[in-house]
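The block underneath contains the structure these notes are about, expressed in structure tokens.
Only the coordinates and a few stated rules stand behind these numbers; no lab work does. Computed from a predicted model, the values in this text were never measured in an experiment. Backbone-built Cβ (ideal geometry, glycine too); neighbour counts: all protein chains shown.
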Amino acid sequence: MQVHSFLHSDTETYTHVLADVEERLCAVIDPVLHFDPKSGRTGTDEIDEVIEFIRNQGWQLVYIIETHAHADHLSAAIHLKETLGGELVMGRHITEVQKIFKQIYNFDTSFRTDASQFDILTDEGYTLALGSITITAMHVPGHTPADMAYIAADDEKTAVFVGDTLFAPDVGTARCDFPGGDAKTLYSSIKKLLALADDTIIYLCHDYPSQGRKHCPTTTVAAQKLGNIHVKDGINEAEFVEMRERRDATLDMPRLIIPSVQINIDAGHLPKPEDNGTRYLKVPINVLGQ
């Protein structure tokens, strides 16, 4: 098993490439489409670097895995699929998020809330085969109802891709104040992750380094249990929930939540062009945030 991580610096998001090198098969986890909110322009420079890397290795892309419907970046899943192929994987509970945000954006009846935009829907214990690597889904709601972690294991090691559930120990944990989020549920999900073996490598979706530390895509279960500032050993559920809810009340909405969610719940598809050939995003006024 090999994992190669690519940082999208504007959103501090990691796109991971998981590969069985001998079988020349790979999966991409949480691909990022660049978006400039000032101009409304999308860009593919960063995801094209991932595509070039996969091509140079001679690997076949089998899966494009989204850990959840991200609120801080647009998914590049469609560009990736159109370029390299692969099946688009999402947690089955995305239907709950689709229904919530269909109302928020007042989408018409053509918007599907049955998750049929995705190729493979996963739930707790669902497995995907990637050559000699077994990828097992773990449902970890709390940040959103649909968050999934993916545990990749072969004869050599085990790694888990945790999405936004956990961050580096000095950063903490995901916020829970988005529609459908819940701090108590997140605590339970994190405990499931921290019940994995101590040497399990955790691949982060984001890293927001504290002063003096460089970005890093990985940590371990042991490091989280020892030092995560929000949920290390000794912090109980009540303490975590009180901290998380108090902290969330002070946070601004993510810079790209409005464009990101409406694209990502539709599997990364951009809105269809209108009769003038231009695509438009919707902006709900006075709905999100405090």
Note to self: Less than 25 Å apart at the alpha-carbon level, and either on another chain or at least 8 residues along: which lysines does that give for K272?
What the structure shows: K38, K81, K99, K102, K282
Checklist line | Charge context of E22, other residues only, Cβ under 14 angstrom, K/R +1, D/E -1 | finding: -4
Notebook entry, point to check: Of I202, I135, S110, which is farthest on the positive side of the dipole of the stretch 80-213, counting Cα position, with +1 on Lys and Arg Cβ, -1 on Asp and Glu Cβ, and the Cα centre as origin?
Noted result: S110
Next item on the list: In debye, nearest 20, what is the charge dipole magnitude of the stretch 1-144 about its Cα centre with +1 on Lys and Arg Cβ and -1 on Asp and Glu Cβ, if you could check?
Entry: 360
Margin query: Roughly how far apart, in whole Å, are the Cα centres of the stretch 13-30 and the stretch 77-140?
Written below: 18
Item checked: Computed magnitude of the charge dipole of the chain (debye, nearest 20; Cβ of K, R +1, Cβ of D, E -1) -> 620
Next item on the list: Treating each Cα of the chain as an identical point scatterer and ignoring solvent, apply the Debye formula and state log10 I(q)/I(0) at q = 0.10, 0.15, 0.16 Å⁻¹.
Entry: -0.50, -1.19, -1.37
Item checked: Estimated FRET transfer efficiency (I229, T109; beta-carbon r; R0 35 Å; 0.05) -> 0.20
Note to self: Students often check this: by mean Cβ neighbours within 10 Å, which of 114-120, 202-208, 34-40 ranks highest, and how do the rest follow?
What the structure shows: 202-208, 114-120, 34-40
Next item on the list: Assuming a ≥ b ≥ c are the square roots of the Cα gyration tensor eigenvalues, decide whether the stretch 164-240 counts as rounded (a/c under 1.5), prolate (otherwise, with a/b larger than b/c) or oblate.
Entry: oblate
Notebook entry, point to check: DSSP beta bridges in the chain, what fraction antiparallel, as a percent rounded to 5?
Noted result: 70
Next item on the list: Give me R255, R92 ranked fewest to most by other Cβ atoms within 10 Å of their Cβ, as a rough exposure proxy.
Entry: R255, R92
Next item on the list: Go through the stretch 20-101 and name the GluC sites (Glu not before Pro) that are in a DSSP coil and have 13 or fewer other Cβ atoms within 10 Å of their Cβ.
Entry: E22
Checklist line | Cα→Cβ-extended label distance, 7 Å offset, between K272 and S39, nm | finding: 2.9
Check: Relative contact order for the stretch 2-256 using alpha-carbon pairs under 8 Å, separation at least 6, rounded to a whole percent?
Finding: 15
